[in-house]
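Taking it in order: structure first as structure tokens, then the write-up.
The values are calculated or read from the model by the stated rules, or taken from the named source; none is laboratory data. No experiment lies behind these values; they were computed from the predicted model shown. So basically every Cβ, Gly included, is an ideal-geometry build from the backbone, and we count neighbours across all protein chains shown. Note: accessible area is taken over every heavy atom of the protein model, side chains too, but ligands, DNA and RNA are not part of it. Shrake-Rupley method; radii C 1.70, N 1.55, O 1.52, S 1.80 Å.
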Amino acid sequence: MLGVASLVSFAAGAASVAAFAPLGAYPLALLSFAWLVHAWRGAPPPRAFFLGFWFGLGFFGAGVSWVYVSMHDIGGMPAPIAAFATLALCAFLALFPAAAGWLQARIPAAPAVRACLLIPASWTLFEWLRSWILSGFPWLSLGYATVGWPLQGYAPLGGVFALSFLTVALAGMLWLAMRRIRMRYALGGLVAIIVVGQVLRHVTWSTPQGEPLSVALLQGNIEQSLKFDPRRYARTLETYARLAEESRARLIVFPETAIPRFLDSVDPAYLKRLEAIARRNRGDLLLGVLTRRDPGEYFNSVITLGTSPMQGYHKVHLVPFGEFAPPGFGWMLSLMNMPMSDLSSGRARKPLEAAGQRIAVNICYEDAFGEEIAAQLPEATLLVNVSNVAWFGDSLAPAQHLQIAQLRAIETARMHLTATNTGITAAIDADGRVRARLPQFAEGRLEIAAQGRAGATPYVLWRDWPIVVLCLGALIALTGFARRSR
């Protein structure tokens, strides 16, 4: 029986990935997690642990399969080692749903309380822990699947983890209704949460700041295998200079490491050429480039060139196994072609003053950490992400990354502009709608009018702590209640 249940849990976890981008079939998440609630009901802790593990293995195995693409197809790691490393990562990530299952099984509760409060609190708490442990991997947090659906209205209040809690709670209510347990209350709660979420989508959390700003987002479409090839260097520089020169936008944004060399080794004449473009447009450009300071200190950076004083942002949250090797894992990077695998972390997050805006810049998957993005608000008027997702080829990663950016826009009530090397380059409104985007794997320039905004959402002020405290409080209270009942 355990074998069949484990197989179904694995399939349910894998199916729930369709709730995320690019498919965005959010109701599948409710059905999949309703199964998980069903599987965990009455299960002893060891059984709940293993059912959660198999659910998580299917969930992450289907959802982050692009890790294999980055290691083997792009990075050149031997296929057996890349497959093993991908499986090991998915198995590690599956321990978080497994631990959530074990914890909720340890606490006695009535079926309705378990389905609508205990399981959502346990799942959300371990999802939050996944965003912290070993520098964090918050990819596929369940709340991202709500983008474009009524529940996204709660994002400015509680952020992505609050949306995860509500999604699992809705799945619990759905399970109760299907089992005819307190069906009237379950259906009433489900409808009420959805209706309130839809109403919240129409609340305006920020106000326009200044006049609309003309922006150009550049997409050079440089293959990862050629990006750091010295023979391709001059052509890369010319591609980006041409894309910038053809624009009259006050703010021009280059992707991550658009110039694949250290700033101090770039021809000064080329930098003056870029600065002249920005000055001609009476604005600034944001340039993705590698920088170095002291010997052994190398940064993934964004600098400003143009009418404003030159400023820089150095990436703070580095990618493990991509931009640095955790202790004891240097051997893995030696098996891959990783040009930027020994970087240093920046020490400060401060909006850049450019083109009349205060811009919260983040690089690559830094925008997956909502609390860190919120740290630059409410001062920042715009969010800008620069990325190079060419590492993940034609996989689920670019669409998932765009969905993450959409939720960051909703949480902060700010426009989110993202410039990438091979796509998806896009402009996202403060309500999470993608206003415009470029096709993937095509050279191009996205010209849009961006509106800076002021104000602070409740999430910007309180960040993730309210939902974390709520989950911890619920688990502690239910534990205490169970002990008193005995």
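Of all residues in the stretch 124-144, those that are assigned to a helix (DSSP H, G or I), open to solvent by less than 10 Å² (accessible area, probe 1.4 Å) and touching a residue at least 40 places away in the same chain (Cβ under 8 Å) total 4. Within the stretch 38-77, being closer than 23 Å to residue 21 by Cα, in a helix (DSSP H, G or I) and among the aliphatic types (A, V, I, L, M) holds for 57, 62, 67, 69, 71, 74. Within the stretch 156-207, if we keep just the residues that are on the phi > 0 side of the Ramachandran plot and outside any helix (DSSP H, G or I), the residue that is most open to solvent (accessible area, probe 1.4 Å) turns out to be 180.
Only residues that are among the hydroxyl-bearing types (Ser, Thr, Tyr), at pLDDT 95 or above and under 29 Å from the mean Cα position of the chain (by Cα) were counted in the stretch 240-276, giving 1. Is it true that some residue in the stretch 278-290 is open to solvent by less than 10 Å² (accessible area, probe 1.4 Å) and part of a loop (DSSP other than H, G, I, E, B)? For the stretch 278-290, residues open to solvent by less than 10 Å² (accessible area, probe 1.4 Å) and part of a loop (DSSP other than H, G, I, E, B): present. Among the residues of the stretch 210-226, those that are open to solvent by less than 10 Å² (accessible area, probe 1.4 Å) and not aliphatic (A, V, I, L, M) comprise 219, 220. For the stretch 298-329, the set of residues classified as assigned to a loop (DSSP other than H, G, I, E, B), under 23 Å from the mean Cα position of the chain (by Cα) and modelled with pLDDT under 80 consists of 321, 322, 323, 325, 326, listed by residue number. Of the candidates 25, 105, the single residue that is closer than 27 Å to residue 190 by Cβ, assigned to a helix (DSSP H, G or I) and open to solvent by less than 60 Å² (accessible area, probe 1.4 Å) is 105. For the structure I just gave you, tell me whether residue 263 is among the hydrophobic types (A, V, I, L, M, F, W, C) and crowded, with 18+ Cβ neighbours inside 10 Å. No. Only one entry in 446, 382 is open to solvent by less than 10 Å² (accessible area, probe 1.4 Å) and either within 15 Å of residue 251 (Cβ to Cβ) or out of contact with any helix residue (DSSP H, G or I) (no Cβ under 7 Å at 6 or more places or on another chain) (or both), namely 382.
Scanning the stretch 89-102 for residues that are more than 21 Å from the chain's Cα centre (by Cα) and either open to solvent by 20 Å² or more (accessible area, probe 1.4 Å) or among the β-branched types (Val, Ile, Thr) (or both) returns 99, 102. Taking the stretch 166-225 as the range and being of a type in the set (Phe, Trp, Tyr) and out of contact with any Ser or Thr (no Cβ under 6 Å at 6 or more places or on another chain) as the test, the residues that pass are 175, 185.
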